[in-house]
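Q: Quick one: the structure is below, and I'll ask about it shortly.
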Amino acid sequence: AQLPRGVTVSPLAGADRRAREIIRRHLGTLADVRTDVVAALSTLLTQDGVLIRVDDGVVADRPIQLVNILNSTVPLMAMRRVLIVAGARSAVQLLLCDHTQTTQAPVLSCEVVETIVGPGASVEFYDLEESNPATRRLRAFYARQEADSRLRVVSSTLSCGTTRNTFRIDADRPGADTRLYGMAIAD
């Protein structure tokens with residue numbers, strides 16, 4: 001109810017008819033399960049995920065934040081998929097945060113993000129990890145940019161156990177602009 005009109009955040013499972021068509025058209029088209037072990041593992045074991053859709057011409061007036069809080073007293077494996085579809089001339093800022101709360105049990109966090117940036121669209125993707133030393137985090141970020149699109153990715157690791165971030169961007173269209181930034185604090 002608080003999202004701007006033309007911006008939808010919904011689960012992949014149980015999505016409405018329009019969202020199901022978008023999911024069918026885009027999910028799994030960028031992540032290569034033959035060459036990327038993270039994509040293969042995620043495809044095999046993920047039961048649900050999130051679709052973030054921004055309609056053509058819609059400019060979200062504030063960032064959208066997704067927070068993953070991992071908290072378990074027994075070993076935990078969290079498998080997630082995120083599909084971002086930004087329509088033509090749209091703009092959106094996304095903040096995805098990962099936090100583990102306890103050090104009692106090991107955690108494996110595996111996430112695949114597929115991002116479709118439409119013609120003339122702008123997507124800013126901020127990733128913030130603050131996890132404990134018992135956490136193993138694998139993320140594969142895939143994007144396809146259309147003509148005159150803009151993609152900004154900022155990945156920040158404040159604390160963690162072991163983290164692997166992979167970025168694969170298809171920006172082979174006229175005027176596509178990609179900026180990748182990263183920061184990690186070692187202790």
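The values are calculated or read from the model by the stated rules, or taken from the named source; none is laboratory data. Keep in mind that this is a model prediction, so the values were computed, not measured. Note that each Cβ is placed from the backbone with ideal geometry, even for glycine, and that neighbours are counted across all protein chains shown. Ligands, DNA and RNA are excluded from the accessible area calculation, which covers all protein heavy atoms including side chains. Shrake-Rupley method; radii C 1.70, N 1.55, O 1.52, S 1.80 Å.
Q: Between ARG17 and TYR181, what FRET efficiency comes out of the Förster formula 1/(1 + (r/R0)^6) with R0 = 30 Å and r the beta carbon distance, rounded to 0.05?
A: 0.20
Q: On to the next question. Keeping all protein chains in place and using 1.4 angstrom, which order do GLU146, GLU111 fall into by accessible surface area, from largest down?
A: Output order, biggest surface exposure first: GLU146, GLU111.
Q: Round to a whole number: what % of the accessible area of the chain belongs to carbon and sulfur, probe 1.4 Å? Working shown, then result.
A: Numbers: 4940 of 9370 Å².
Exposed carbon and sulfur together represent 53 percent of the surface.
Q: From the list (1) 0.96; (2) 0.93; (3) 1.12, can you say which value of Rg/Rh (Cα atoms, Kirkwood Rh) was derived from the structure given?
A: Evaluating Rg/Rh (Cα atoms, Kirkwood Rh) on these atoms matches (1).
Q: In terms of modelled amide H atoms, which long-range or inter-chain residues lie less than 5 Å from the amide H of LEU66?
A: Under 5 Å from the amide H of LEU66 lie the amide H atoms of LEU95, LEU96, CYS97, each far enough along the sequence or on another chain.
Q: With a cap of 10 neighbouring Cβ atoms within 10 Å, and only residues DSSP puts in a loop, list the trypsin sites (Lys or Arg not before Pro) found in the stretch 1-100.
A: When the trypsin sites (Lys or Arg not before Pro) of the stretch 1-100 are filtered for loop state and at most 10 Cβ neighbours within 10 Å, ARG5, ARG34 remain.
Q: About its Cα centre, what dipole magnitude does the stretch 34-187 give when the only charges are +1 on Lys and Arg Cβ and -1 on Asp and Glu Cβ, stated in debye to the nearest 20? Please report the intermediate quantities before stating the final value.
A: Working: 16 positive and 18 negative charges, 51 e Å.
Rounded to the nearest 20 debye, it is 240 debye.
Q: So for the chain, taking the charge dipole from beta-carbon charges (+1 Lys/Arg, -1 Asp/Glu), which of VAL92, SER155, VAL82 sits furthest toward the positive end?
A: VAL82
Q: Which percentage, to the nearest 5, of the DSSP beta bridges contained in the chain is antiparallel?
A: Of the beta bridges lying entirely in the chain, close to 5 percent run antiparallel.
Q: Name the shape class, rounded, prolate or oblate, that the alpha-carbon gyration tensor gives for the stretch 20-91, where a ≥ b ≥ c are the square roots of its eigenvalues, rounded holds for a/c under 1.5, and otherwise prolate holds if a/b is larger than b/c and oblate otherwise. Don't jump to the answer; show the numbers that get you there.
A: Working: a/c = 2.85, a/b = 1.42, b/c = 2.00.
It comes out oblate by the Cα gyration axes.
Q: Mind ordering 101-108, 56-63 by average Cβ neighbours within 10 Å, highest first?
A: Descending packing order for the listed peptides: 101-108, 56-63.
Q: Any idea what the relative contact order of the stretch 1-117 is, in percent, if you count C-alpha pairs under 8 Å spaced at least 6 apart?
A: Working: 218 pairs, mean separation 35.6, N = 117.
It rounds to 30 percent for the stretch 1-117.
Q: Take the alpha-carbon centre of the stretch 139-187, take the same for the stretch 1-23, and report the distance between them in whole Å.
A: So the separation of the two Cα centres works out to 24 Å.
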